[in-house]
Structures are given as structure tokens and as C-alpha cells.
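The values are calculated or read from the model by the stated rules, or taken from the named source; none is laboratory data. Keep in mind that this is a model prediction, so the values were computed, not measured. Because the Cβ atoms are built from the backbone with ideal geometry, glycine has one as well, and the counts that use them run over all protein chains shown. Please note that ligands, DNA and RNA were not included when accessible areas were found on the heavy atoms of the full protein model with its side chains. Shrake-Rupley method; radii C 1.70, N 1.55, O 1.52, S 1.80 Å.
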Amino acid sequence: LPTPIARDWVLDRGLSDLLSGNSRFPDALLGDLQAQVDGLRAGAKRMSALFERYGAGAVAGSAAAVAVRTREAMAAAVAEVAEGETLCRDRLDGDGISPHPIRLRTRMEMKEGKLHFDFEGSDPPVPGPVNCPADAVRAACLAGVRHLFPEVGRHGTMSAWVEVTVPEQSFLNARFPQ
């Protein structure tokens, strides 16, 4: 179940103490959490103002129109990309604990109207703090796609054209306690 980090826009002291007490950078963590809460509060205030000014129907209609425009623009942009694949091999210098480089292998393939990112062949989890959750890898791939197609509006519907494969045993698929 989700655990609320704040109530009435105030950080939950017990939870924030627990999180910061288990962080290498507690002040930065608390600052980041507060920034997230403040950002959500500002967004909620702006959304409320939109609903008050234009009404729920107009806001919902506009949101639906943005989704349609994004889907259409993304479909057109992807249709112009030739099918094929690109392979990139790189490495991280290390994880801060082991002196060995960490291999990162990325294959991007355009196939059947979708962009496929595959990280098979990347190194397994490492002891140091560079392991990354698979959701963060997916988010990074979507950010990259946004840069590939800057003319396409930013909307969650872009993800329909992106598939990401991350190996189970990879530093790109961190699981607790990695």
C-alpha cells in the first residue's frame, strides 16, 4: 500500500526521519522530499484554478485533446523512422567499491512501429551505489525518446511506442537491498 509522505502539505516527521536516517545524504533527501511536496502543492493549486475558471468538462476535454494530438504526432514521427537497430556498448568507471568497470549494453531497435530498448548483456548488480531500479531505466528511455522527437507534445501516451527490456540480474534492475 502507498505510504503518504505528507499530510496537509507537511512532511510526515516520523517517515522523513526514518528515510533521512537511512540515507548517505540526509539533508539532500529531506530537501528533495520537501521540493516534491511543494511542487505537488503548486500543481494542485494551479489545477484547482483551472477547474474553477473553466469547469471540469472543459479541463477534461482539453486533457483528452492533448492525448489525441500526442498520439497522432507520435505515430507520425515513429512512422518516419526506418526499421533497424543500433547497438551501444559503454561502461561506468566503477561503483566506488570495486575498481572494475561496469558494462552497459543497450540495443535500440525500431520494429513494427515501436522503439525497443534492450539492456541484455549489461553487468549484474554491483556492491556500490550505482544499481538502478528498472523503472528509472524506463523513465530514462522515455526521456531519450522525448529528445528524439522534440516536436511531439509531452504526454504519457508517448509510452505506447516504447518497450524496454531490462534483465532480471542486472545493475539496471536493482532490488532491495542492492
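Considering only residues in segment 66-98 that are among the polar types (S, T, N, Q) and outside any loop (DSSP other than H, G, I, E, B), the one that is nearest to Leu142 (Cα to Cα) turns out to be Thr70. Checked against (1) farther than 22 Å from Trp161 by Cβ; (2) at pLDDT 95 or above; (3) among the charged types (D, E, K, R); (4) surrounded by fewer than 12 Cβ atoms within 10 Å (Cβ to Cβ), Glu85 passes all but a single condition, namely (1).
Checking each residue in segment 122-136 for being more than 18 Å from the chain's Cα centre (by Cα), open to solvent by less than 40 Å² (accessible area, probe 1.4 Å) and over 7 Å from Phe171 (Cβ atoms) picks out only Gly128. Just a yes or no: is a residue in segment 52-68 touching a helix residue (DSSP H, G or I) at 6+ places or on another chain (Cβ under 7 Å) and under 23 Å from Met108 (Cβ atoms)? Looking through segment 52-68, none of the residues is touching a helix residue (DSSP H, G or I) at 6+ places or on another chain (Cβ under 7 Å) and under 23 Å from Met108 (Cβ atoms).
If the condition is being farther than 28 Å from Ile5 by Cα and either in contact with a Pro (Cβ under 9 Å, 6 or more places away or on another chain) or not aliphatic (A, V, I, L, M) (or both), then segment 17-69 contributes Arg53, Tyr54, Gly55, Gly57, Gly61, Ser62, Arg69. Do we have Ile102 as in contact with a Pro (Cβ under 6 Å, 6 or more places away or on another chain) and hydrophobic (A, V, I, L, M, F, W, C) here? In short, no. The residues in segment 99-121 that are open to solvent by 50 Å² or more (accessible area, probe 1.4 Å), at pLDDT 95 or above and in a loop (DSSP other than H, G, I, E, B) can be counted, and the count is 2.
Evaluating Ser23 against the criteria (1) without any contact (Cβ under 8 Å) to a residue 60 or more places away in the chain; (2) open to solvent by 50 Å² or more (accessible area, probe 1.4 Å); (3) not in a helix (DSSP H, G or I) leaves one unmet condition, (2). Being open to solvent by less than 60 Å² (accessible area, probe 1.4 Å) and on the phi > 0 side of the Ramachandran plot holds for only one residue in Gly55, Gly61, and it is Gly55. When segment 64-82 is limited to residues that are among the small types (Gly, Ala, Ser) and loosely packed, with under 11 Cβ neighbours inside 10 Å, the one that is nearest to Glu120 (Cα to Cα) turns out to be Ala82. Looking across segment 91-115, the residues that are among the hydrophobic types (A, V, I, L, M, F, W, C) and more than 16 Å from Gly144 (Cβ to Cβ) come down to Leu92, Ile97, Ile102. For Gly96, only one of the following conditions fails: (1) open to solvent by 60 Å² or more (accessible area, probe 1.4 Å); (2) among the small types (Gly, Ala, Ser); (3) at pLDDT 95 or above. What is its number? Unmet condition: (3).
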